[in-house]
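The structure appears right after this line, and notes come after that.
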Amino acid sequence: METYSLTDIGVTREMNQDYFFTSEEPVGNLPNLFIVADGMGGHNAGEFASRYTVETIVKTVSESEKKDAVSILEEAISSANSYLLEHARENEGMAGMGTTIVAATVKGSELSVANVGDSRLYIAGKEMRQITKDHSLVQEMVRMGELDAEKAKSHPDKNIITRAIGAQENVKVDFFEVALKPGEKVMMCTDGLTNMLEDTELFAILSEPGKNLAEKVEKMVNMANQNGGKDNITVVVFQPISDEVAE
């Protein structure tokens, strides 16, 4: 498996509230694990929320006795949500903090994905497909037919999310299971990337011949900053080697 990850503070922010984790090696009963989180909250609360959530998920996964990926991820995310809420109650300055989460693991050709919030997971092969669905106010309006997708890109409320870790006692997680085809890449990212670059631009970069994953990821981050870099930017890309994914 080839992987590359990068996080960047962006141009306008004073603190990086994104956090990520990657392991090509087994974590507990998962064969590998990739996580991206985008924290929110005043002062250092957002930074704490994303880091604490990711670390709690990794710890819970490593200790879980469950066997299937969805059950393991569900248990881990639920635990992280409970612990984050408890920490917020005990620390007045961290009230209202939260974080998005997108987590993935791949076994053979089977990709398992968990998502809360508007950080995204894409699969890029012959085309670019967004697998996760944004839990955001604007995307809910698009799905209900109240707003078209083009206007959604510049809507003033585009950054308001409708689900987050730490927002409610019981967090609702979306799960996706997708069969990967040989040669396909998986990209996970925060909205600091997708608000600065169109999906077509991201796909063009991922498809560039003669460049490795590191060069492609670094180009995406550089372009996002050139376009304004209005938020923290985090990108994780991984690609199973050809003999790991069956035809």
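The values are calculated or read from the model by the stated rules, or taken from the named source; none is laboratory data. This one's a predicted model, so the numbers in the text were calculated from it and none came from an experiment. Virtual Cβ from ideal backbone geometry, glycine too; neighbours counted across all protein chains shown.
Here are some notes:
- Residue selection: F21 satisfies the criterion of being free of Cβ contacts under 8 Å to residues at least 60 places away in the same chain, closer than 19 Å to T132 by Cα, within 19 Å of the chain's Cα centre (by Cα) and assigned to a strand (DSSP E or B).
- When residues in region 24-57 are screened for being of a type in the set (D, E) and either outside any loop (DSSP other than H, G, I, E, B) or modelled with pLDDT under 95 (or both), 3 of them pass.
- Residue in region 177-188 that is part of a helix (DSSP H, G or I), among the hydrophobic types (A, V, I, L, M, F, W, C) and on the phi < 0 side of the Ramachandran plot present: no
- Number of positions in region 77-95 that are more than 22 Å from K66 (Cα to Cα) and either part of a helix (DSSP H, G or I) or not polar (S, T, N, Q) (or both): 11
- Positions within region 58-97 being of a type outside the set (A, V, I, L, M), in contact with a helix residue (DSSP H, G or I) (Cβ under 7 Å, 6 or more places away or on another chain) and at pLDDT 95 or above, in sequence order: T60, S64, K66, E75, S79
- Hits in region 191-200 (condition: surrounded by fewer than 17 Cβ atoms within 10 Å (Cβ to Cβ) and either in contact (Cβ under 8 Å) with a residue 60 or more places away in the chain or assigned to a helix (DSSP H, G or I) (or both)): D199, T200
- Flag for D243 being modelled with pLDDT under 95, out of contact with any Ser or Thr (no Cβ under 9 Å at 6 or more places or on another chain) and over 17 Å from F34 (Cβ atoms): yes
- Being in contact with a His (Cβ under 8 Å, 6 or more places away or on another chain) and either within 28 Å of N225 (Cβ to Cβ) or outside any helix (DSSP H, G or I) (or both) is a property that D118 has.
- Condition met for L111 (surrounded by 18 or more Cβ atoms within 10 Å (Cβ to Cβ), in contact (Cβ under 8 Å) with a residue 60 or more places away in the chain and part of a helix (DSSP H, G or I)): no
- Residues in region 15-66 that are touching an Asp or Glu at 6+ places or on another chain (Cβ under 7 Å), under 16 Å from Y83 (Cβ atoms) and either surrounded by fewer than 23 Cβ atoms within 10 Å (Cβ to Cβ) or among the acidic types (D, E) (or both): T60, S64.
- Subset of region 163-184 that is surrounded by 13 or more Cβ atoms within 10 Å (Cβ to Cβ), farther than 13 Å from L73 by Cα and of a type in the set (A, V, I, L, M) - its residue that is modelled with the lowest pLDDT: A167
- Subset of region 160-194 (residues that are under 14 Å from Q130 (Cβ atoms) and of a type outside the set (V, I, T)): D174, F176, E184, K185, M187, M188, C189, D191, L193
- Qualifying residues in region 75-97 (those that are surrounded by fewer than 17 Cβ atoms within 10 Å (Cβ to Cβ) and of a type in the set (D, E)) - the one nearest to the chain's Cα centre (by Cα): E86
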